[in-house]
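Worksheet: the structure to be examined is printed underneath.
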Amino acid sequence: MNQASITIVGLGPMGRAMAAAYLDAGHRVTVWNRSAGKDGDLVARGAHRAAGITEAVAASDLTVLSLIDVDAMYSALGDTALEGRVLVNLSSDVPDKARKAARWAGARGAAYLTGGVNVPPSGIGQEGSSIFVSGPQEVYEEHRAALDVLAATDYRGADPGYAQLYYQLNMIMFWTAYTGWYQALAVARANGLTAADVLPYAGYTADSMRGFYTHTTPAIDAGDHGGADARLAMCAASVEHVLHTAADSGVDTGILAAHAELYRRAVDAGFGADGTPRLVQLLTQN
């Protein structure tokens, strides 16, 4: 692989991990961050510290942005000349903002790819890590090798919003599960248990979720709402038990109450005999 020159804009934990991965791969790396003091170790390893954003973008054909969101890109780049440059925005945001950003970059003569990074900073450059990418396929193919240094890229098509859509779908599953872990630990602590007491069972539950996803996917895509395995009325009763266990333990029930309300709504709408795939339809209705 040719050792390309790559600029990293944004040196939070993720941006620093990306710059380090490129240095490890032998690339020429230019770094820039709005606030000073985050690039010392990278510069010591051979990265070039740009004096400003204009120098940073001019230093490389490919600029990788790792910022808090898309709005931070506008703020960081300002009126910087972008003609002929390639921007790869790996900052988290919503799909429509990614599409707007691609139009903004295109109007200024730059090619634009969106990315959604599926690992924390510690996963950058590691086997098994992945990044959703979307935008013009020819731009992706030209720079794929450089992006694969960070993580295996999963191209999701020309729509610049799709990488963020897939990423946010993963985040929906991640954050609800992660918050559920802490909800369970709050109830456990209120009853004299520790996180270590719960961990073996949490691992089993997390592993079992793949089976639920696999089992329900064909029914959801086929519009099959049969409830032979898990009727919504039965599920609603179980969720109520969870809610009351938390309440009886003196733990905040806001998150669980929202879940219970969804299942109550399903039963009240006459879907009690249906299976859980019916929830997808219920959630998409106003």
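Taking only the range 66-85 into account, find how many residues are outside any helix (DSSP H, G or I), under 22 Å from the mean Cα position of the chain (by Cα) and surrounded by fewer than 22 Cβ atoms within 10 Å (Cβ to Cβ).
Result for the range 66-85: 2.
Results for (1) surrounded by fewer than 19 Cβ atoms within 10 Å (Cβ to Cβ); (2) over 17 Å from the mean Cα position of the chain (by Cα), shown as yes or no for each residue.
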{"residue": "Ala102", "(1), (2)": "no, yes"}
{"residue": "Val119", "(1), (2)": "yes, no"}
{"residue": "Ser122", "(1), (2)": "yes, no"}
{"residue": "Pro136", "(1), (2)": "yes, yes"}
{"residue": "Leu147", "(1), (2)": "no, no"}
{"residue": "Ala151", "(1), (2)": "no, no"}
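Select from the range 98-120 the residues that are closer than 25 Å to Asp148 by Cβ and charged (D, E, K, R) and list them in ascending order.
Correct list: Arg99 only.
If you take the residues in the range 225-281 that are part of a loop (DSSP other than H, G, I, E, B) and among the aliphatic types (A, V, I, L, M), which one is surrounded by the most Cβ atoms within 10 Å (Cβ to Cβ)?
The residue in question is Val251.
Pairs, please: C-beta under 7 Å, at least 6 apart or cross-chain, first residue within 15 Å of Leu185 (Cα to Cα) and in the range 234-248, second in a helix (DSSP H, G or I)?
Listed by first residue and then by second, the contacts come to Val242/Leu256; Leu243/Leu256; Leu243/Ala257; Leu243/Ala260; Thr245/Val187; Ala246/Val187; Ala246/Leu256.
Tally time: how many residues in the range 114-142 are in contact (Cβ under 8 Å) with a residue 60 or more places away in the chain and either under 19 Å from Ala98 (Cα atoms) or among the basic types (Lys, Arg) (or both)?
Summing the residues that are in contact (Cβ under 8 Å) with a residue 60 or more places away in the chain and either under 19 Å from Ala98 (Cα atoms) or among the basic types (Lys, Arg) (or both) in the range 114-142 gives 1.
Identify all residues within the range 252-284 that are more than 29 Å from the chain's Cα centre (by Cα) and closer than 26 Å to Leu185 by Cα; write none if there are none.
Within the range 252-284, just Arg264 meets the criteria.
Restricting the search to the range 249-286, which residues are acidic (Asp, Glu) and touching a residue at least 40 places away in the same chain (Cβ under 8 Å)?
If the condition is that a residue be acidic (Asp, Glu) and touching a residue at least 40 places away in the same chain (Cβ under 8 Å), then Asp252, Asp274 are the ones that fit.
Rule-based calculations on the coordinates, nothing more; no lab input. This structure is a prediction, so every number in the text was calculated from the model and none was measured. Using ideal geometry, Cβ is built from the backbone for each residue, glycine included, and neighbour counts are taken over all protein chains shown.
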